[in-house]
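Student: Have a look at the structure that comes next, please.
The values are calculated or read from the model by the stated rules, or taken from the named source; none is laboratory data. Quantities reported herein were computed from a predicted structural model and do not represent experimental measurements. A quick note on method: Cβ atoms are made from the backbone with ideal geometry, for glycine too, and the neighbour counts reach across all protein chains shown.
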Amino acid sequence: MQFTHNPLRARKYILACAAVTLTLFAASTTSASDAPQVKLGQEALVGTSSPGLSKFMGIRYAQAPTGDLRWKPPVPAAATTGTVDATKPGPGCPQGKSPWGMPSSNEDCLFLNVTVPHDGTGMKFWQRKPVMVFFHGGGFTGGSGDVYNADNLASESGVIVVTVNYRLGALGFLAHPALDAEDHAVGNYGLLDQLQSLRWVHDNIAAFGGDPDNVTIFGESAGAIGIYAHLVSPMATGLFQKAIIQSGAPADETLETAEDQGKTLAEKVGCPAEANSAAADCLRKAPVGKLVSAEATPIAVIIDGKLLTRPIADSLKAGEYNRVPVVNGTNHDEGNLIAAFMFDLSGEPLVAGGYDEALQGIGSFIARVGFSNAAIPAIKKAYPLSRYKTPGLAAAQVITDGVIACPAYETSRIMAKYSSTFEYEMADTDAPSIVAPPISFPYRAGHFSELQYLFDLSSITIKGTPDMTNAQIALGKQMRAYWTNFARTGNPSGKGVPVWPEFQQARSEPVQSLNKPQSRSVGNFAKEHQCGFWETVERK
């Protein structure tokens with residue numbers, strides 16, 4: 001079975017535009033010195049402008065998920081009248097301290113930001129610009145959309161970029177028998193938020209000059225896991241037409257497993273584990289701080305029976321997913337940053353005597369792409385400490401190859417059978433480390449490092465980080481062109497950039513190496529990352 005795309009052409013598009021047509025002529029960007037305005041019904045959003053850009057931040061796309069709405073699917077934002085200040089981002093969702101965003105305890109956090117390129121003619125629904133919607137990473141426990149400044153991504157190629165906040169951690173991904181007995185979709189509240197943001201985009205983006213029938217979703221790390229979920233979810237059908245998966249794996253867990261974790265969390269915050277209204281009431285009254293500090297679950301989404309009906313990998317293998325064009329890729333040294341946070345930045349560098357224990361932790365790091373303790377002897381043989389300068393680098397390579405690179409590569413092989421697929425590896429091993437200080441080994445092209453080539457991440461860049469070289473600046477412009485070409489046409493290749501061949505399922509190649517001085521197609525990805533070995537490892 002293939003999900004239909006429900007393109008919503010002609011009549012539906014005209015009806016969607018009709019609601020805003022009467023007001024667009026009076027409410028659009030005027031000049032660089034005037035605040036840009038967009039009118040949605042009786043609500044006028046007032047944003048900010050800079051040469052070639054209008055920005056609207058802190059736009060509410062759902063009601064505050066507080067009180068009785070905590071652990072409920074998002075409720076669309078209520079219609080309002082009058083002028084609404086859209087010059088500042090809304091608060092991030094509740095989270096602790098992390099490199100990816102600011103700590104927050106504010107549950108009223110379901111906001112998005114829209115960056116619109118323009119040429120001085122304003123924002124008109126007939127412009128039909130491509131739309132890119134970004135879901136941030138951060139392990140489903142940290143981050144916010146406003147961190148990702150999309151000015152260059154939007155202005156260089158004329159695409160509209162939307163960045164989104166969604167519920168995180170215990171407030172976004174909690175399964176508990178008391179909550180799951182209620183009559184609503186359960187567990188994946190953060191993913192339900194993402195879907196609601198896409199509905200908002202479909203209903204409103206024409207007012208900004210965007211095309212609701214040309215939406216590309218993209219996400220990194222946990223955000224990429226969310227993209228996998230939307231690809232296979234029947235609830236997402238028709239809400240997007242293309243997808244970009246950055247440094248993610250199809251990671252999911254059963255509702256039963258998630259409920260066991262939820263019961264443990266409930267007990268930590270002083271609530272019952274039983275499936276009764278008292279337990280649900282207790283959880284909804286629990287302080288945000290307690291919930292944030294108590295969360296500790298694997299990075300995975302939940303097979304809840306509605307948003308996800310079975311394992312992501314099973315749906316992809318059967319071809320039962322939203323068959324849209326896909327870009328899928330990883331970074332050359334994904335594990336280096338992750339190993340840094342696991343070891344060096346959590347206390348001490350990994351030593352040889354701790355290699356077995358480290359592998360045990362890595363095996364349970366991400367659901368579905370982990371491995372059992374029984375596989376550790378074979379992994380140690382394939383990744384002997386003697387081959388690496390430090391034990392930390394050995395562990396990092398296991399993460400790179402076994403947890404991220406090869407699972408993503410194998411998934412591309414599967415999807416290429418059914419839909420256009422383009423595979424990449426960001427391979428600039430001189431990439432600046434912007435969120436972590438120096439450690440016992442180099443970060444190289446680590447996890448998260450590709451995002452600085454797509455977005456301005458100065459708000460979270462640590463002091464003292466070296467500026468990009470001219471060659472890296474050029475690589476960033478090239479990568480942004482690939483991403484926006486794909487959003488526009490479904491193919492990353494285009495004028496002014498090296499050709500990026502489509503991934504061939506039969507040959508499992510080529511992979512586009514994104515690197516300076518010039519990106520190119522390579523055929524040694526699987527060999528370099530020992531993907532043949534990882535095909536033999538039993539996954540959790």
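Student: Applying the selection to region 93-131, what residues are at pLDDT 95 or above, over 30 Å from ASP68 (Cα atoms) and aliphatic (A, V, I, L, M)?
Tutor: The answer is VAL116, VAL131.
Student: Report yes if LYS39 is surrounded by 15 or more Cβ atoms within 10 Å (Cβ to Cβ), modelled with pLDDT of 90 or more and either farther than 23 Å from VAL288 by Cβ or of a type in the set (A, V, I, L, M, F, W, C) (or both), otherwise no.
Tutor: Considered against the rule, which asks whether it is surrounded by 15 or more Cβ atoms within 10 Å (Cβ to Cβ), modelled with pLDDT of 90 or more and either farther than 23 Å from VAL288 by Cβ or of a type in the set (A, V, I, L, M, F, W, C) (or both), LYS39 comes out as yes.
Student: Still on this structure, I have one more. From the list PRO103, PRO130, PRO74, PRO117, which one is surrounded by 17 or more Cβ atoms within 10 Å (Cβ to Cβ) and within 16 Å of LEU168 (Cβ to Cβ)?
Tutor: Within the list PRO103, PRO130, PRO74, PRO117, the selection yields PRO74.
Student: PHE503 is checked against (1) of a type in the set (A, V, I, L, M, F, W, C); (2) modelled with pLDDT of 95 or more; (3) touching a helix residue (DSSP H, G or I) at 6+ places or on another chain (Cβ under 7 Å) and fails just one. What number does that condition carry?
Tutor: With respect to (1) of a type in the set (A, V, I, L, M, F, W, C); (2) modelled with pLDDT of 95 or more; (3) touching a helix residue (DSSP H, G or I) at 6+ places or on another chain (Cβ under 7 Å), PHE503 is out only on (2).
Student: Among the helices (runs of 4 or more DSSP H) confined wholly to region 232-339, which include 2 or more residues that are of a type outside the set (S, T, N, Q) and within 19 Å of ARG413 (Cβ to Cβ)?
Tutor: Those helices (runs of 4 or more DSSP H) span 312-317.
Student: For PRO89, work out the one condition from (1) in contact with an Asp or Glu (Cβ under 7 Å, 6 or more places away or on another chain); (2) outside any loop (DSSP other than H, G, I, E, B); (3) surrounded by fewer than 24 Cβ atoms within 10 Å (Cβ to Cβ) it doesn't fulfil.
Tutor: Of the numbered conditions (1) in contact with an Asp or Glu (Cβ under 7 Å, 6 or more places away or on another chain); (2) outside any loop (DSSP other than H, G, I, E, B); (3) surrounded by fewer than 24 Cβ atoms within 10 Å (Cβ to Cβ), the odd one out for PRO89 is (2).
Student: Something else about it: Can you find even one residue in region 311-329 that is surrounded by 20 or more Cβ atoms within 10 Å (Cβ to Cβ), under 25 Å from CYS93 (Cβ atoms) and not assigned by TED's automatic domain parsing to the domain that holds SER440?
Tutor: yes
Student: Follow-up. Mind counting the residues in region 265-307 that are more than 18 Å from LEU69 (Cα to Cα), within 27 Å of the chain's Cα centre (by Cα) and among the β-branched types (Val, Ile, Thr)?
Tutor: Selection size over region 265-307: 5.
Student: Would you point out the residue of region 404-427, among those that are out of contact with any strand residue (DSSP E or B) (no Cβ under 6 Å at 6 or more places or on another chain) and over 15 Å from PHE525 (Cα atoms), that is surrounded by the most Cβ atoms within 10 Å (Cβ to Cβ)?
Tutor: ALA416
Student: Moving on. All but one of (1) out of contact with any strand residue (DSSP E or B) (no Cβ under 8 Å at 6 or more places or on another chain); (2) small (Gly, Ala, Ser); (3) loosely packed, with under 13 Cβ neighbours inside 10 Å hold for GLY494; state the number of the condition that does not hold.
Tutor: Of everything listed in (1) out of contact with any strand residue (DSSP E or B) (no Cβ under 8 Å at 6 or more places or on another chain); (2) small (Gly, Ala, Ser); (3) loosely packed, with under 13 Cβ neighbours inside 10 Å, GLY494 misses just condition (3).
Student: Then there is this: How many of the residues in region 259-312 are of a type in the set (Asp, Glu) and in contact with a Cys (Cβ under 7 Å, 6 or more places away or on another chain)?
Tutor: The number of residues fulfilling the criteria is 0.
Student: Tell me yes or no: at least one residue of region 503-519 is closer than 22 Å to MET132 by Cα, in contact with a strand residue (DSSP E or B) (Cβ under 7 Å, 6 or more places away or on another chain) and of a type in the set (Ser, Thr, Tyr).
Tutor: Among the residues of region 503-519, not one is closer than 22 Å to MET132 by Cα, in contact with a strand residue (DSSP E or B) (Cβ under 7 Å, 6 or more places away or on another chain) and of a type in the set (Ser, Thr, Tyr), which makes the answer no.
Per-residue answers, yes or no, for (1) touching a helix residue (DSSP H, G or I) at 6+ places or on another chain (Cβ under 7 Å); (2) under 26 Å from PHE365 (Cβ atoms):
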position	(1), (2)
ARG128	no, no
GLY143	no, yes
ASP146	no, no
VAL159	yes, no
ALA185	yes, no
TYR189	yes, yes
GLN194	yes, yes
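Student: Applying the selection to region 260-275, what residues are touching a helix residue (DSSP H, G or I) at 6+ places or on another chain (Cβ under 6 Å) and within 22 Å of PHE365 (Cβ to Cβ)?
Tutor: Across region 260-275, the qualifying residues are LEU265, LYS268.
Student: Do you know which residues across region 196-220 are assigned to a helix (DSSP H, G or I), in contact with a helix residue (DSSP H, G or I) (Cβ under 7 Å, 6 or more places away or on another chain) and charged (D, E, K, R)?
Tutor: Listed by number, the list holds a single entry, ASP203.
Student: Only residues that are farther than 16 Å from CYS531 by Cα, assigned to a loop (DSSP other than H, G, I, E, B) and in contact with a Gly (Cβ under 8 Å, 6 or more places away or on another chain): list them for region 358-394, please.
Tutor: Residues satisfying the conditions are SER364, SER372.
Student: Here's a follow-up. Of all residues being under 19 Å from the mean Cα position of the chain (by Cα) and among the small types (Gly, Ala, Ser) in region 70-95, which is nearest to SER144 (Cα to Cα)? Just the residue, please.
Tutor: GLY92
Student: Which of the residues spanning region 204-259 are under 13 Å from the mean Cα position of the chain (by Cα), among the aromatic types (Phe, Trp, Tyr) and buried (at least 24 other Cβ atoms within 10 Å of the Cβ)?
Tutor: TYR228
Student: Follow-up. Can GLY67 be described as over 29 Å from the mean Cα position of the chain (by Cα) and either at pLDDT 90 or above or surrounded by fewer than 16 Cβ atoms within 10 Å (Cβ to Cβ) (or both)?
Tutor: Answer is no for this residue.
Student: Can you find a residue that is within 26 Å of PHE140 (Cα to Cα) and assigned to a strand (DSSP E or B) anywhere in region 395-417?
Tutor: Checked against the condition, which is being within 26 Å of PHE140 (Cα to Cα) and assigned to a strand (DSSP E or B), region 395-417 yields no hits at all.
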